[in-house]
Each structure stands twice: as C-alpha cells, then as structure tokens.
Amino acid sequence: MTITYQITIDQNDDGIFSVDERITAAVLRAEWQLGLASAESVLSQTARATITVNNRDRAFSPELTSTLIGKRLRIQSDDGTTVRTHFTGAIDSILPTTGQVTANGHPPQADIIVLGRERELAQQTVSLPLQTDVRADTLIQQILDSVSWRYAVLDGRCIIGRDSIGSSDIFPTQVISTQLDTGKSVFPYIGGVADESNRALDWLQRVVSTEDGYFFFNREGDAIFYNRHHLLTNDTVQATFDDDMTELIYDFGTVYNDLSLTLYPRRLGADNTILWSLNAPLAIDRDSFVTLRVAYNVDDIAVGAVDVVTPIAEYQAFSHATILTNDQTSAVRVIARQINVDDAVLEIRNQSNRKIYLTELALRGTPLIADQAVTLNQQDSYSMARFGRYPRSYDMPLLNDVDEAKDMLAYDLSLWSEPCGIVRQLHTDTQHHPTEVLARRLFDRITIREHQSGHDANYHIITEQHVLDKGGARHRVQWRLLPALSERFFIIGTHSIGDDVVLVPR
C-alpha cells in the first residue's frame with residue numbers, strides 16, 4: 001500500500017484547502033495528538049500539532065511574509081482508496097530558527113504550532129440562561145453557542161453594521177458542527193455554587209463529569225458528546241491486534257474499593273430577595289448609557305437564580321452624587337439585556353441632556369442557594385480485606401439526586417473491586433498496520449490479544465498521538481486506551497438479560 005500525505009494551510013480563509021496552499025514539500029516532520037489526557041478525563045485536552053518545515057527560503061519567517069497566525073491547517077492521508085483527515089486546527093505560533101545553519105548543521109527550519117478548538121474554550125467565559133430540569137446535551141449546546149469561535153470561513157463574509165452586503169454572505173450563527181447524545185441525567189438546577197468559574201471549559205467539565213460521559217473534538221474539528229451509555233451500546237469491534245503490535249504498555253493490579261462522590265444539593269430561597277444592589281453612585285453622561293454585568297449575591301455568598309423580576313423598577317437617580325434633592329429618576333431607563341443563571345447584564349440609559357447619578361439600583365428574584373457539599377461513600381470490605389484500601393473520588397457539581405449518585409458509585413465499585421490486567425497504550429505503525437493507523441479514530445473499539453500476559457480484551461481509543469517523518473515513509477501512532485465494558489453490564493431495553501448481570505445507572 002502506497003500512502004501519501006498532504007498538509008495544507010487555508011491561506012485565503014475560504015474554507016477550501018486547495019492544491020496551491022499545500023506546504024507538504026517543505027515538511028520535514030509532523031507530530032500531532034488529540035483526545036483525552038488520561039483514562040480519568042472526560043474532556044479532550046487541547047489538540048496540538050507541530051509541523052517542522054524547511055525554512056531555507058524564509059517562507060515561514062512571519063516578519064518577512066504575510067502572517068499565518070489564525071489560519072486553519074489540515075493533515076490528510078491518501079492510501080489510494082480513501083482520503084482521510086487526521087487533524088484540523090488553527091496556527092497559534094511560528095518558531096523559525098535563526099542563522100544560516102543551525103547548531104546541528106541542518107539548514108534553517110521553522111516549527112508551526114497548531115492548536116485545536118479546545119484552546120478557544122479555555123480562553124472564553126460564558127453565561128447560561130435561567131433554566132431548570134435540563135439535560136447535558138442542552139447545556140453543552142448552549143455553552144458552545146455562547147463561545148465566540150474563530151470562523152473556518154472568513155472570505156466572502158459580511159459583518160452586519162460594518163460591511164456592505166452586496167454579494168457577500170452573512171456569518172452563520174453556528175460556527176462548528178456538533179454531534180451530541182441526549183443526556184441521561186436531568187439536572188433540576190444549575191449554577192449557584194460559590195467557587196464556580198464561568199470559563200466555557202469549566203462549565204463543560206461540570207456538565208460532562210456529572211453526566212459521566214465524554215466530550216471531545218474529532219479530527220475534523222466537530223464537537224462530540226457521548227452520554228454515559230454510548231460506549232456500552234456501540235460495541236462493534238473495528239480492529240484486532242493479536243500479538244502483532246510494536247509495543248504494549250500493560251499492567252495488572254488496578255483496584256478501587258473505597259469510592260466517594262461529592263454532590264452539591266441546591267435549594268430555593270425566598271421570592272423577591274435582593275440578588276444584587278448598587279453600592280456607590282454611578283455617573284452616567286448625558287444622552288448615553290452604561291452596561292453592567294452583575295453577579296448575584298446574597299449575604300456575601302454567590303448564588304444562582306431561577307426567577308429574576310423584570311422589568312426592573314427599583315432604581316433612583318439624582319443630578320448630584322450626594323445631594324439627593326433634584327430627582328432625575330424619570331430620565332433613567334434600566335433594561336435587562338441578559339438574565340442568566342449566575343449573573344445578569346443590565347443596560348442603564350440616561351435619556352436627558354445632563355449628567356446624572358444613579359444612586360440606587362436593586363435586582364430582585366428567587367435565589368438558588370448551594371448548601372454544604374455532600375460526600376457519599378461506598379466500600380467493598382471484602383476487596384479491602386484482600387487487597388488493601390484503594391480510594392477514588394468523584395466530583396459531580398450539577399447532581400442533586402442522592403439515589404442516582406448511589407447508583408453511580410455502585411456501578412463503578414463493581415468495575416474496580418477486583419484487580420485486573422489493563423493495556424494502557426498500544427504502539428504501532430503503517431509498516432505493520434497501515435489501515436488501522438490511518439482509519440482508527442477516537443473512541444473506536446479494538447480487540448487486543450497478547451500471548452505472554454494471557455490478555456484478551458476490548459478497548460476504546462481515547463488518545464491519538466502521531467509522528468510522521470522520513471519524507472512520509474514512516475508513520476507511527478500511540479493510542480491511549482480505555483477498557484470496553486459492554487460485555488459486563490445490562491441496559492434495560494437494550495440488552496438481553498443473562499446470568500450475573502449488573503444494571504447500568506439510568
């Protein structure tokens with residue numbers, strides 16, 4: 001099988017990786033990784049590629065050429081039958097070497113650093129709307145919709161209010177493609193925990209860890225969410241390795257027999273509680289407005305809210321900050337632009353022709369208060385007596401249902417109370433497994449059989465790490481793996497019941 005590779009930069013931002021935009025001829029080495037950081041992770045780490053290129057002609061020296069920062073880069077392979085995408089990301093930086101010859105005698109080179117969509121999640125904050133009884137997929141879509149993504153296509157687009165439309169297209173509302181399973185858990189309330197961060201990545205972590213599912217970006221940059229049943233119901237084996245891998249990282253003895261799960265019960269406070277109030281006069285110039293983002297707070301404790309009173313009528317303004325005699329309240333208009341679960345965005349307009357001072361402003365509603373965290377514990381005393389105590393803890397910040405938490409603990413305790421053999425990583429290359437290296441993707445299911453250890457089990461790929469060098473003649477891959485569990489558990493309405501089954505949490 002002859003395999004060729006193409007590495008292309010969409011330099012004109014038209015969404016088309018054309019032939020004249022290929023940089024393959026200059027590439028000396030390409031490394032890329034995507035997927036989860038570990039078997040305990042629920043979110044993919046930031047996908048990253050490092051493309052090392054020959055820079056003798058200084059084509060990749062940004063101060064001498066047009067900048068490539070932010071441009072989309074794609075890695076593809078072609079085995080003569082199928083063209084596959086392996087990585088898609090945006091260029092974050094370019095690091096050219098300096099001097100005519102490097103220290104090791106090689107000609108000047110440059111490293112192009114490319115990052116995946118996860119970087120954008122880590123950089124931005126989001127505010128979610130008020131809602132109750134919501135599932136993970138709904139929250140994830142709201143988080144993704146709230147992020148200001150870098151558009152894959154800029155050429156030919158029109159920004160309303162800045163560009164003349166003409167024949168241009170308006171930017172679409174949905175920037176990235178999504179494939180989201182319906183969540184299994186229903187979260188009665190969200191928000192209201194004092195130490196919560198509003199980073200998009202942190203919100204995703206809370207949602208996906210509470211669902212006990214997985215969220216990642218695939219090779220094309222699409223956002224994928226799997227609920228906690230996905231890997232149990234999608235059990236087709238896509239490849240088998242039978243004593244013919246280049247390396248396995250294997251161990252025997254993983255045990256967790258003392259499990260604890262922390263959840264955060266929430267309760268509603270009194271109606272018409274002050275959620276936020278102005279603590280100092282606010283000057284507003286004539287015929288202008290100011291915008292405030294205010295976080296809900298009751299008794300110096302951050303809270304959420306499930307009901308906020310609008311339109312906002314509790315405010316007062318004067319012509320002086322401290323002399324409260326010339327009332328100007330009639331000239332003020334307060335508009336609630338956003339009412340979110342943890343904060344609100346208020347627009348305060350001065351409709352008069354003189355400067356005024358807003359001296360009072362209060363926002364009222366029903367607070368959502370997080371009580372003290374509750375930690376549940378389950379142990380397998382028989383396992384602890386035989387093998388010793390091995391603790392493991394879980395944090396599920398959106399879970400309110402104690403019974404559901406108990407089911408999750410019982411499920412995981414049944415997984416890990418006995419020691420077992422686990423393959424952590426599998427290494428191979430296109431010399432030994434060309435089709436598998438090219439075709440297998442994140443969360444594909446594979447079978448591993450190894451004679452010396454006696455191991456025979458199924459796994460899901462959770463991390464891909466690729467190295468392409470020697471002019472494309474050598475392509476190596478390392479897969480981090482997660483044990484597949486579909487043979488061990490029973491899902492009502494999906495599996496036929498048999499002996500010694502364990503129920504999967506709803």
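The values are calculated or read from the model by the stated rules, or taken from the named source; none is laboratory data. All values derive from a computational prediction rather than experimental measurement. With ideal geometry, Cβ positions are generated from the backbone for all residues, glycine too; neighbour counts draw on all protein chains shown. Note: accessible area is taken over every heavy atom of the protein model, side chains too, but ligands, DNA and RNA are not part of it. Shrake-Rupley method; radii C 1.70, N 1.55, O 1.52, S 1.80 Å.
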Can you compute the FRET efficiency between T236 and T325 using 1/(1 + (r/R0)^6), with r the Cβ-Cβ distance and R0 = 56 Å? Round to the nearest 0.05. 0.10
With all pairs of different alpha carbon atoms counted, what Kirkwood hydrodynamic radius in Å does segment 339-486 show? 21.7 Å
Students often check this: by mean Cβ neighbours within 10 Å, which of 320-333, 18-31 ranks highest, and how do the rest follow? 18-31, 320-333
Note: V345 to E314 extended length (0.36 nm per residue) minus current alpha-carbon separation gives 9.6 nm
Before rounding to the nearest 500, sum -39500 (n - 2.57) across all DSSP H runs of length at least 4 in the chain and divide by the residue total; then give [θ] at 222 nm in deg cm²/dmol. -3500 deg cm²/dmol
May I ask you to evaluate 6.51 cos²θ - 1.76 cosθ + 1.60, the Karplus curve with θ = phi - 60°, for each residue of segment 380-391 and list the ³J(HN,Hα) values in order in whole Hz, giving x for glycine and proline? 10, 5, 5, 5, 5, 5, 7, 10, x, 8, 10, x
In whole percent, and with a 1.4 Å probe on the protein chains, what portion of the accessible area of the chain is carbon and sulfur? 46 percent
Pop a pseudo-label 7 angstrom from the Cα along the beta-carbon direction at both V83 and D456 and give the gap in nm to one decimal. 4.2 nm
If I stretch the segment between T375 and L64 completely, what's the gain in nm (0.36 nm per residue apart, minus their alpha carbon distance), one decimal? 106.1 nm
Nearest 0.05, what FRET efficiency do R286 and I249 give at R0 = 56 Å with Cβ-Cβ as r? 0.20
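I need the calculated FRET efficiency for the pair N12 and H432, taking r as the beta carbon distance and R₀ as 41 Å, to the nearest 0.05.
0.55
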The chain, accessible area per residue, ligands and nucleic acids excluded (1.4 Å, Å²): 48 Å²
Which loop-located trypsin sites (Lys or Arg not before Pro) does segment 257-297 contain, where loop means any DSSP state but H, G, I, E or B and the Cβ has at most 12 other Cβ atoms within 10 Å? R286
Could you give the length gained on full extension between D155 and R267, defined as 0.36 nm per residue of separation minus the Cα-Cα distance, in nm? 35.4 nm
DSSP bridge orientation in the chain - percent antiparallel, rounded to nearest 5: 85 percent
